[in-house]
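Some notes on the structure that comes next.
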Amino acid sequence: MLRIVLLLMLSMPAFAAIDVYQFDNEQQEQRFRILSEELRCPKCQNQSIADSDAGIAQDMRTRVHTMILEGKSDEDIVDYFVSRYGDFVSYRPPVNAGTSILWLGPILLLLGGAVLIVILLRNASRKAAADDEASQDKEPEEGTK
Amino acid sequence: MKANSPWVFLPLVGFVLLAVLLASGLGRDPQELPSALVGKPVPSFSLPSLLTEETYTEDSLKGRWQLLNVWATWCPTCHVEHPYLLELAARGVAISGLNYKDELPAAREYLANLGNPFTHVIVDADGQLGLDLGVYGAPETFLINPAGEIVLRHAGDLNARVWEEKFVPLLPTQAPAPGQGEGEE
Amino acid sequence: MAVEIGHLSLWLALAAALCLSVFPLIGVYRNLPAWQWYARPLAWIQWLAMTVAMVALGYSFYINDFSVAYVAGHSNSALPLEYRLSAIWGGHEGSLLLWGWMLSGWAAMVGLLSRSVPLPMVARVLAVMGMISVGFMLFMLLTSNPFDRNLPWFPLDGADLNPLLQDPGLIIHPPMLYMGYVGFSVAFAFAVAGLLMGNLDPAWARWARPWTTVAWSFLTVGIALGSWWAYYELGWGGWWFWDPVENASLMPWLAGTALIHSLAVSEKRNMFRAWTVLLAIITFSLSLLGTFLVRSGVLTSVHAFANDPARGAFILGFLIVVAGGALVLFGLRASALRSNTGFKPVSREAFLLGNNLILLTATSVVLMGTLFPLIGEALDMKISIRSPYFNGFFVPLAFVLILLMVPGMFSNWKRQDGNSLLKRMALLAPAAIIAGWFGARLPDPSPWQGVLAIMLALFLVFAHVDDVVRRARAYKQGFVTGLGKLGRGYWGMVLAHCGLAVLIAGITLVSFHEVERDIRMAPGDTAKLGDYTFVFDSLDEYRGPNFDSTRGHFHVSHDGEPVAVMHPEKRTYHASRQVMTEAAIDAGFWRDLYVALGEPLDKSNAWAVRIYFKPGIRWIWLGALIMALGGALALTDKRYRRNRFATNDAGAANES
């Protein structure tokens, strides 16, 4: 969205490339679509090879298409590109020591927050109970109030 | 009321870390990519020559230190770096050319007009060797050792500064420049 | 001449902002009511000066004054008038001016609508907003002045507005988005003012809340418009790409959503005040962070502004002053905001805490996914992050969020009987499960995630309908009168929550049931997509005001019934020679049909053509609009109006 705004795009996005590959079956076509969404065009700004009509993206799509027809698995295909262009080329970041903050950060925040909330709830609950007792104690004295 | 708990400064600490991170990112070019192929052999291929009837394979790139320069006539930066390639070639540096996704007559004319710095020119008409090499545009220059392994990849134009800073330190000291290494062709 | 006036006004606005950030505060600390009183007029002067600057820039575009560098870079004499005017915010400098103008506008509005707020508080709030203005105006004047001239040599014609931006959606998308970003500055200013004061007035949340709700509603609309624009203008058919620029807008939205809910607790129960203040600081800081990310060149995005590290350094410095300063103040003062009120683990407060945790975790996912490539670079790793990462976190978080929303809404403040709560939900859940089961197989059977998402969306809607009915019945005057008696704030909440359900249903439908085909078609060819038949009738060319176009004519039928005639285009803009794909879209409530022309395929008259069938895609934006509408409705709630009118007289008396 925002695509926001950003209006200024001096560097223009290249437009979605539309090309016509033949597949043996729909499943292959579906795999092709997902793979080309998850592989990043190395030359472009932040675009997948499906989104870009840069020459390199086109070559990569052709290679993905060929490899699918050759019967390669999704992992084979992604590995092929990662071994040449590095992890950068895949939009699915690897899980390793270097990326541990990426994967664990939000989870730790969630767990830490949950622990904090539990502590807070216990305190607040104790206070609520104390309030109740206090008001019950007082009630007879306060009469009509 | 309880005493000031240190937790209230936690958001500030997080923000300071964030600010340091952002500051470190300023001025860095997020577009620059490392090559995953450094230290690996040149992938196998079998492609025609631009100027002769030969067919080249990965073995053509073995036996001496050399550069592999990816170029094309449609690439403006290649024109810019061309004089420097000629200068390197004149100094005895062996440079192989990889003509990348180009029109062959135009490529021949280009070399005829501007001079040919290349010992041989491999034609990669559909960019498939480029893909195997992890090339994402022209120009790019690879430094290849006598065993046919990629030692360095440089994306963008090759000039005197890049040569001194990135290439020269990696060359064997006893052999002053590629092309004068041990193996003979 | 207009340009000089504009430039001068910008300096004048800076002067007003400087005075605004200094004098009222001196007035507060020296206890000089007269000095505090100046806050409002200074805010109005600032706004006037910024308005003159905006008009001056607009006038320069109107008369095609290409001696102004910014006009020359973003307009062209052949550009239609509406785009010449929206080109004001079509570039970095002008969009900053829009930012600044809106900021001054929010300050002026706060001055106008704060009669019920004690003067020292108003003085502090406006002074904080004045400080933010100073930063933005300095940024403009020092690094990005839209009024710079190209003298003495200026071009005869302009470079033209980026063709992507020559679109009606883009006329209003940036202003909406900026209204949201900038609007959060009001909540921020209230938070900082509260911290400066040392203790928060119990009415603090009631003052800050409507401003936050408006800003949030604008941001919601802005994000939805951006998504819609990407969908039809970029020619990709996607509606969200997890691009850093999109993420930059999503972070303040998520944090702002948490803020709205936390403000509700602070207003009703005078609790969570420190937390609410912190959220207000975080939300606006994320707005500034977004500005930084988009304009500094630290990240690679399709939509980055022309990047410049010097500008990046300025914004980063500004962010450090604003967010860092506020967080230091928070650290020093937050303990004074502790509240001593208790509540039970099953209560509305507890569920809203859970809501805040989920929303904040979601914010951190976006932050982490957006910034991790930077961390990676510092560690020499190059990493790309998009939907596999974000969706992996967002889908489960959204599910949990909905599961917290329903009991939260059903619960009473302070304590809720857990058994009756469970009973209520147990009655609704089977209905949602059954309806969801059938609903999810209406077009085609969905995978289990799709079925689950539809069930949850229905659960959310059923729960709200149930709640409305119960509450309305509780009024003795009868059900219909009861409906009218429910407050607008309540109706706003119902609407916003149902909007979320619509949004989720839309995302689910389009994710699991869209059909895409890329095919080769020549005029005369026919393609089938499900029950739809697309016929490529012909191709022609025409000339637009500043472009040439190749246009395809398609007609579409559904089971033999004609449905639509569609005209996808390929445009070449004259000034920039850029080629743009204009997709043809037949929009419908249930589904969109989408045709885009690719490239002509060699040696024939055939073209690569992309055809989509997109069920439910409208619901995504419709849901967002319903949410924003909910926000707008809540704003008209009696308690805010009463408040304003009740004190009008007092305010007027003060003024005179």
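Values for this structure:
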| item | result |
| --- | --- |
| Qualifying position, being closer than 28 Å to A:ALA50 by Cβ and not acidic (Asp, Glu), among C:HIS464, C:HIS513 | C:HIS513 |
| Test: C:ALA203 is surrounded by fewer than 24 Cβ atoms within 10 Å (Cβ to Cβ) and in the same structural domain as C:GLY94 (by TED's automatic domain parsing) | no |
| Single unsatisfied condition, C:LEU360 versus (1) at the interface with chain A (Cβ under 9 Å from one of its Cβ atoms); (2) outside any helix (DSSP H, G or I) | (2) |
| Residue match in segment C:180-193 (condition: over 27 Å from C:ARG639 (Cα atoms), assigned to a helix (DSSP H, G or I) and away from chain A (no Cβ under 12 Å)) | no |
| When residues of segment C:258-277 are limited to those that are crowded, with 24+ Cβ neighbours inside 10 Å and polar (S, T, N, Q), the one nearest to C:LEU293 (Cα to Cα) | C:THR276 |
| Residues of segment A:99-116 that turn out to be surrounded by 17 or more Cβ atoms within 10 Å (Cβ to Cβ) and over 15 Å from the mean Cα position of the chain (by Cα), as a count | 3 |
| Inter-residue pairs, beta-carbon under 7 Å, first more than 11 Å from C:ASN76 (Cβ to Cβ) and in segment C:146-166, second outside any loop (DSSP other than H, G, I, E, B) and acidic (Asp, Glu), 6+ apart | C:PRO146/C:GLU93; C:LEU164/C:GLU233 |
| Test: residue in segment C:214-221 that is more than 12 Å from the chain's Cα centre (by Cα) and surrounded by 24 or more Cβ atoms within 10 Å (Cβ to Cβ) | no |
| Some residue of segment C:373-387 being more than 7 Å from every other protein chain (Cβ to nearest Cβ), outside any helix (DSSP H, G or I) and more than 19 Å from C:SER249 (Cα to Cα) | yes |
| Among (1) surrounded by 24 or more Cβ atoms within 10 Å (Cβ to Cβ); (2) in contact with a Ser or Thr (Cβ under 8 Å, 6 or more places away or on another chain); (3) at pLDDT below 95; (4) not acidic (Asp, Glu) - the single one C:TRP242 does not satisfy | (1) |
| Filtered residues of segment C:527-546 (kept if without any contact (Cβ under 8 Å) to a residue 40 or more places away in the chain and assigned to a strand (DSSP E or B)) | C:LYS528, C:THR533, C:VAL535, C:ASP537, C:SER538, C:ASP540, C:GLU541, C:TYR542, C:ARG543 |
| Candidate set from segment C:562-607 (those that are small (Gly, Ala, Ser) and surrounded by 15 or more Cβ atoms within 10 Å (Cβ to Cβ)); member that is nearest to the other protein chains (Cβ to nearest Cβ) | C:GLY598 |
| Residue count, segment C:345-385 (criterion: surrounded by fewer than 22 Cβ atoms within 10 Å (Cβ to Cβ) and basic (Lys, Arg)) | 1 |
| Considering residues of segment B:86-95 that are surrounded by fewer than 21 Cβ atoms within 10 Å (Cβ to Cβ) and under 20 Å from B:SER60 (Cα atoms) only, the residue nearest to the chain's Cα centre (by Cα) | B:ALA89 |
| Test result for A:LEU121, in contact with a helix residue (DSSP H, G or I) (Cβ under 8 Å, 6 or more places away or on another chain) and either more than 10 Å from chain C (Cβ to nearest Cβ) or modelled with pLDDT under 85 (or both) | no |
| Failed condition for C:MET580, given (1) out of contact with any Lys or Arg (no Cβ under 8 Å at 6 or more places or on another chain); (2) under 21 Å from C:GLU82 (Cα atoms); (3) aliphatic (A, V, I, L, M) | (1) |
| Filtered residue count, segment C:214-250, keeping only those that are more than 8 Å from every other protein chain (Cβ to nearest Cβ) and on the phi > 0 side of the Ramachandran plot | 1 |
| Only one of C:LEU151, C:LEU161, C:LEU254 that is of a type in the set (A, V, I, L, M) and more than 14 Å from every other protein chain (Cβ to nearest Cβ) | C:LEU151 |
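Here is a yes/no grid of residues against (1) surrounded by fewer than 16 Cβ atoms within 10 Å (Cβ to Cβ); (2) closer than 22 Å to C:ARG639 by Cβ:
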| residue | (1), (2) |
| --- | --- |
| C:GLY408 | no, yes |
| C:ARG415 | no, no |
| C:LYS423 | yes, no |
| C:LEU427 | yes, no |
| C:LEU442 | yes, no |
| C:LEU458 | no, no |
| C:PHE462 | no, no |
| C:VAL468 | no, yes |
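The values are calculated or read from the model by the stated rules, or taken from the named source; none is laboratory data. Nothing here was measured: the structure is a model prediction, and the numbers come from that model. Heads up, the Cβs are rebuilt from the backbone with ideal geometry, glycines too, and the neighbour counts pull from every protein chain shown.
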